[in-house]
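I have placed the structure first, in the form of structure tokens, so that the comments after it can refer back to it.
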Amino acid sequence: MNNPAFWRSLRSLSHPATIVAVLILLLNDHILRIYWPAWWTGKLGDFSWLVFFPFILTMPLAWLVPARLSRQQAIVFALAVGLTASLFASMKTIPEALDAGLWALRQITGGPFILRLDPTDLLALLGLVVGWWIWTQSEQPAPAYRGWAVLALGALASLATSPPPPLGGVYCLLFDEDERLLGVTDWPNRVFVSENGGLNWNLLFDERNMSNDEFAKKYSCELSSLGQNEIIAQDPQSENISFRITSNIVERTDDGGRTWKTEIDLSLTEAQTSFYYNIKHRSRNFMLAPQDAIFDVSSGNLIVAMGVQGVLVRTPKGTWTRVPVGDYEYVYLNTFDRLKTLLDVEIWMAVALLVLMPLTLRIPLQVSRFEIVMAVISWLTWTGALVFLSGRFINTFLPLGSTLCGMSLAVVLGVWCIGGKDPIVKLLPRQPIVWLISLITPLLFLLPYYFWSQGTIASYILASLFAMGLVVAIVFASGYKQFVDVKANHISNK
């Protein structure tokens with residue numbers, strides 16, 4: 001294929017600076033923006049993307065511009081840079097262009113994309129200068145085989161962006177000119193209205209295309225107060241009654257602040273926090289603590305903005321109610337679907353036990369080197385998966401180790417079942433007690449995790465230790481009994 005612009009784009013993709021830009025984008029989108037969000041992480045992602053995306057765009061454009069033209073390479077690259085710059089700039093500054101771009105991305109990928117108007121992101125256009133420099137360095141013929149791999153990685157980095165940006169949830173409460181109670185949410189910028197003192201909410205406006213500054217100015221809400229130590233809400237009916245709201249507790253005073261008594265504990269269990277972080281919002285950058293509080297004079301209710309937990313409402317009778325606002329709600333881990341979602345990997349570990357237990361408990365009946373080696377490898381990989389799994393709510397890399405151990409365990413179990421001298425049917429024990437133990441063990445293994453999900457066991461790691469201890473105790477106790485029975489039968493046969 002004699003197409004100079006096409007091959008030059010591949011050489012540009014294989015340039016070390018391009019590879020670095022792609023890796024920076026992946027690192028930024030999937031780690032930095034989630035765990036260390038800042039104003040510069042968005043700029044860094046845009047900058048690195050603009051470095052290499054024109055090279056991807058030049059590949060189809062190279063076939064639209066005839067190769068016989070003397071300046072084909074310059075024309076193709078100029079078109080790619082011009083299209084990239086114009087699309088990026090328009091989607092950052094023009095609401096209609098942003099809507100059209102988001103619609104097109106969602107139609108192409110089928111996945112959610114969240115972009116915002118932000119003219120300051122235009123600073124990232126300097127990445128095109130770096131891209132131009134790379135293009136000039138790729139003029140001479142050179143092997144382009146790496147370009148194909150970088151092309152795939154760059155396309156993946158462009159589409160597989162990080163989860164939606166920080167989910168602020170309900171962060172501001174106020175009354176409009178019609179004395180309606182409004183709840184303002186961040187990411188996306190939306191306004192909800194309540195007509196009954198905060199006990200029900202309906203969407204009033206969707207302002208997701210409005211910039212943060214414009215939105216905050218319009219609704220007199222400032223995100224700068226996020227993470228404040230405490231919120232004081234003064235009862236409009238009595239100057240002596242106030243509520244002090246912190247991240248974990250709501251207190252009330254009836255004597256002007258001399259003494260305080262606890263009204264409600266706001267603490268979340270580790271399981272609830274993990275559900276927000278890893279399942280519901282798939283991000284660690286959102287607001288779980290109280291953000292604002294206001295009294296509704298007409299109903300006498302105290303309404304507390306709880307970020308992604310929706311709102312918390314106290315009636316004049318002293319009853320506290322957690323109320324959802326749009327998608328933001330307090331998570332109750334009391335349904336089968338939510339428990340299954342939270343403990344999905346642990347359930348697969350229990351399924352592995354259904355296979356491991358009968359194969360292990362038959363070893364005393366037919367001891368062989370192959371059986372012992374397979375058992376040792378299987379239990380080591382199962383234990384490794386559990387160890388990695390115990391940190392999946394702490395470190396983003398640990399699930400990878402758990403996945404690799406799980407895949408290894410599946411391979412080892414397959415070898416164990418089909419690699420021995422005997423057929424699979426003969427590998428299975430025939431004693432009913434063995435099957436009963438094999439069925440009970442996975443249920444007992446899951447029991448500590450259930451207690452963890454309900455807050456009875458505070459720590460996931462502690463639940464894992466209990467689960468491991470139960471399995472070890474059952475394996476050794478039942479295995480020892482099998483060994484004693486086999487030895488007794490051997491002596492009686494003599």
Subject >> Residue that is buried (at least 22 other Cβ atoms within 10 Å of the Cβ) and farther than 15 Å from D121 by Cβ, where the choices are R11, R68 >> reply: R11
Original post:
Restricting the search to segment 186-211, which residues are under 29 Å from T120 (Cβ atoms) and modelled with pLDDT of 85 or more?
Top reply: V191, F192, L203, L204
Original post:
Would you call T136 loosely packed, with under 14 Cβ neighbours inside 10 Å and either in contact with a helix residue (DSSP H, G or I) (Cβ under 9 Å, 6 or more places away or on another chain) or at pLDDT 70 or above (or both)?
Top reply: yes
Subject >> Considering residues of segment 452-475 that are aromatic (F, W, Y) and within 22 Å of the chain's Cα centre (by Cα) only, the residue surrounded by the most Cβ atoms within 10 Å (Cβ to Cβ) >> reply: W452
Original post:
How about segment 453-463: which of its residues are among the hydrophobic types (A, V, I, L, M, F, W, C) and either farther than 15 Å from S267 by Cα or free of Cβ contacts under 8 Å to residues at least 40 places away in the same chain (or both)?
Top reply: I457, I461, L462, A463
Original post:
Do the conditions hold for R68, that is, is it within 17 Å of L128 (Cα to Cα) and more than 34 Å from the chain's Cα centre (by Cα)?
Top reply: no
Original post:
Restricting to segment 46-64, what's the tally of residues that are surrounded by 19 or more Cβ atoms within 10 Å (Cβ to Cβ) and either assigned to a loop (DSSP other than H, G, I, E, B) or among the small types (G, A, S) (or both)?
Top reply: 2
**OP:** Looking only at segment 291-305, decide whether some residue is crowded, with 17+ Cβ neighbours inside 10 Å and either in a loop (DSSP other than H, G, I, E, B) or among the hydroxyl-bearing types (S, T, Y) (or both).
**Re:** yes
**OP:** Would you check if V325 is touching a residue at least 40 places away in the same chain (Cβ under 8 Å), of a type in the set (A, V, I, L, M) and surrounded by 19 or more Cβ atoms within 10 Å (Cβ to Cβ)?
**Re:** yes
Original post:
Does V331 satisfy being more than 21 Å from T262 (Cα to Cα) and surrounded by fewer than 23 Cβ atoms within 10 Å (Cβ to Cβ)?
Top reply: yes
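The values are calculated or read from the model by the stated rules, or taken from the named source; none is laboratory data. Here the structure is a predicted model, which is why all the values come from computation and not from measurement. All Cβ positions, even for glycine, are placed from backbone atoms using ideal geometry, and neighbour counts span all protein chains on display.
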